[in-house]
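Here the structure is laid out as structure tokens; the discussion comes afterwards.
Each value in this text was obtained by applying a stated rule to the coordinates, not by laboratory testing. Quantities reported herein were computed from a predicted structural model and do not represent experimental measurements. Glycine gets a Cβ as well: all are built from the backbone with ideal geometry, and neighbour counts include every protein chain shown.
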Amino acid sequence: MIKVSPSILSADFVNLERDIRALSPAGADYVHIDVMDGEFVPNITIGIPVVAAIRKITELPLDVHLMIDRPVRYVDQFCDAGADIVTCHVEADSHENILAAIDKIHVKGKKAGVVVKPKTPASAVLPFIDRVEMILVMAVEPGFGGQKFMADMMPKVRQIRGYIDAMNPGCELEVDGGVDPNTCKVCIASGANVLVAGSAVYKAADIPARIRELRG
Ligand code: DX5
Ligand code: ZN
């Protein structure tokens, strides 16, 4: 079964509680929270207090995507705020420090993942693959919602699906960026099992129907 992780970056922040409470009855599997620091990406979004506030209003697992430099500095705080899955970009620090971040997330009893930007090759996940519960492949340059899906990322998704099947079959494979009722199909065919969707969910007239469509 394909899971859908709606990105609240496309929610109405004035009505964030309403837009998050809508997700569970609509059949969403996770809530995707995009954390940006204005350094790793050219945008600033949601931080630790907002994750803690969101934790109070939903039982859905919080899928926290850290687009921040040197995430090892902050993973403990995101876990304490209520994140269930914390993903760190492999480009954001040294291998040693990304491994240290993964260990800290696990010590908190949470799931850890690594993320690759579009220009980062599939092989960049190999140092981490046996230590994570999720690998996230970006299908847009991180920083903004509503960008065009990069179909040329799909060979990388296939390649990582091959690594996962061989080395860590329980690991989830998530795609983020530009996923809609059309592009979801090639993501699923390429081996993804979790799809992030921001604008496709929150711009839909019927969110439950849209989430069903995104499952392919
Ligand atoms: C982009 C974020 C995405 C974004 C997806 O940096 O990581 O999660 O919100 O938005 P859509 O689905 O609109 O491309
Ligand atoms: Zn994201």
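A few remarks follow.
- Normalised contact order of the chain, rounded percent, pairs of Cα under 8 Å and 6 or more residues apart: 21
- Debye intensity ratio in log₁₀ form over the Cα atoms of the chain, taken at each q of 0.13, 0.17 Å⁻¹: -0.65, -1.18
- Here, P(r) means the percent of Cα pairs in each 5 Å bin from 0 to the largest distance; for segment 78-137 it is 4, 21, 33, 25, 12, 5, 1.
- Other residues within the sphere of radius under 13 Å centred on the Cβ of Pro61, judged by their own Cβ, net out at -3 (K and R +1, D and E -1).
- Applying 1/(1 + (r/R0)^6) with R0 = 35 Å to the Cβ-Cβ distance of Asn182 and Arg18 gives a FRET efficiency near 0.80.
- Lysines whose Cα lies under 29 Å from that of Lys203, excluding same-chain neighbours fewer than 8 positions away: Lys3, Lys56, Lys117, Lys119, Lys148, Lys156, Lys185
- For segment 62-78, the residues whose backbone nitrogen is under 17 Å from a point 7 Å from the Cα of Glu96, taken along Cα to Cβ, are 70-73.
- Each residue in Ser199, Ser123 was given a count of other beta-carbon atoms within 10 angstrom of its own, and listing them fewest first yields Ser123, Ser199.
- Among Ala151, Ala197, Ala11, residue whose mean-square fluctuation peaks in a GNM of the chain (springs only between Cα atoms under 10 Å): Ala151
- On a per residue basis, the convex hull of the C-alpha atoms belonging to segment 28-97 measures out at 85 Å³.
- Taking 0.36 nm per residue of sequence separation and removing the Cα-Cα distance, the Arg73/Asn168 pair yields an extension gain of 31.5 nm.
- Highest mobility in the GNM of the chain, judged by mean-square fluctuation with C-alpha springs under 10 Å and restricted to Met150, Met67, Met134, is found for Met150.
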